[in-house]
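Input: a single structure, listed below in structure tokens.
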Amino acid sequence: MSTGAAHIFVVDDEADARAMVGDYLKMHGFEVTLCDGGRSLRTAIAQRTPDLVVLDLNMPDEDGLSIVRDLKARSVIPIIMLTATASAIDRVVGLELGADDYLPKPCELRELVARVRSVLRRVQGAAASVPAETAPAPEVGRLVRFGTKWLELDSLRLRDERGEEQALTRSEFDLLKAFADHPKRALSRERLLDLADARDPDAFDRAIDVRINRIRKKIEPDPANPRFICTVRGLGYVFRPDGD
């Protein structure tokens with residue numbers, strides 16, 4: 001992320017809605033680029049990488065979920081989805097594809113700004129608030145084994161034995177770090193939301209289940225029968241480093 005104002009890409013096929021969101025974000029100090037769909041979004045990204053994308057899911061030419069899938073396959077740019085549907089299906093699918101947050105549309109613009117700032121804080125991480133000249137040197141070898149992968153705590157990377165990186169969203173990293181800090185302890189969904197700084201005003205605990213399923217697909221030899229991040233019935237989840 002740049003050291004100046006965060007640059008937000010707003011993607012919506014409705015010109016009035018797009019302009020309204022863009023103007024409000026500008027009023028609150030953000031740089032804004034407006035895009036009318038997936039094609040213009042990709043063109044804009046080729047010229048400059050945004051700090052965050054606000055994406056309408058319901059667009060006629062290319063639906064937002066396919067844009068989320070494509071964007072997350074190629075980058076770790078955070079995404080906040082806007083959806084006009086009342087169904088939880090779009091929200092769950094979007095989270096499964098890697099989106100970082102969602103809001104119903106039409107949304108309260110003050111809440112959108114709050115969500116944007118919250119996601120940016122998570123992406124930036126706590127280290128960004130420490131001046132570079134006083135920041136401690138990173139510890140060497142801060143690695144945690146998660147099944148078939150290694151989590152590098154300092155570089156925020158998940159990699160395999162050959163050093164090849166596995167794509168990881170910031171919310172997924174935060175969950176893995178929460179497990180790494182509390183091995184062999186059952187953690188409730190509520191506790192995980194707190195530890196991963198992923199508190200949702202709607203207490204959408206299903207978001208944790210979605211992220212756990214995504215993580216299992218990345219670290220478990222057999223995601224359908226997880227050995228390392230296991231469900232504790234009635235409680236939540238537990239990280240078992242040895243897979244026992």
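The values are calculated or read from the model by the stated rules, or taken from the named source; none is laboratory data. In this text the structure is predicted, and so the values were computed from the model without any measurement. A quick note on method: Cβ atoms are made from the backbone with ideal geometry, for glycine too, and the neighbour counts reach across all protein chains shown. Ligands, DNA and RNA are stripped out before the accessible areas are found, and what is left, the full protein with its side chains, is counted by its heavy atoms. Shrake-Rupley method; radii C 1.70, N 1.55, O 1.52, S 1.80 Å.
What the table shows:
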quantity: Whole-number accessible area per residue in Å² for the chain, which is evaluated in the context of all protein chains at 1.4 Å; calculated: 51 Å²
quantity: Using alpha-carbon coordinates, inclination of helix 38-47 to the longest axis of the chain, degrees; calculated: 80 degrees
quantity: Global geometry of the stretch 1-86, whether rounded, prolate or oblate, following the gyration tensor of its Cα atoms and the 1.5 cut on a/c; calculated: oblate
quantity: Counted charge near Phe239, where neighbours are those whose Cβ lies closer than 9 Å (Asp, Glu -1; Lys, Arg +1); calculated: +3
quantity: Carbon and sulfur %, accessible surface of the chain computed with the full protein complex present, 1.4 Å; calculated: 50 percent
quantity: Largest-first principal axis extents, alpha carbons of the chain, Å; calculated: 55, 47, 32
quantity: Gain upon complete extension [Asp16, Arg233; 0.36 nm per residue less C-alpha separation]; calculated: 73.4 nm
quantity: Where labels lie 7 Å past Cα in the beta-carbon direction, separation of Glu31 and Leu143 in nm; calculated: 3.7 nm
quantity: Simple spin-label estimate for Thr49 and Asp154 in nanometres, 7 Å along Cα-Cβ; calculated: 2.1 nm
quantity: Over the chain, relative contact order from alpha-carbon pairs under 8 Å, at least 6 apart, %; calculated: 13 percent
quantity: Over the chain: helical MRE at 222 nm, DSSP H runs n ≥ 4 each giving -39500 (n - 2.57), nearest 500; calculated: -11500 deg cm²/dmol
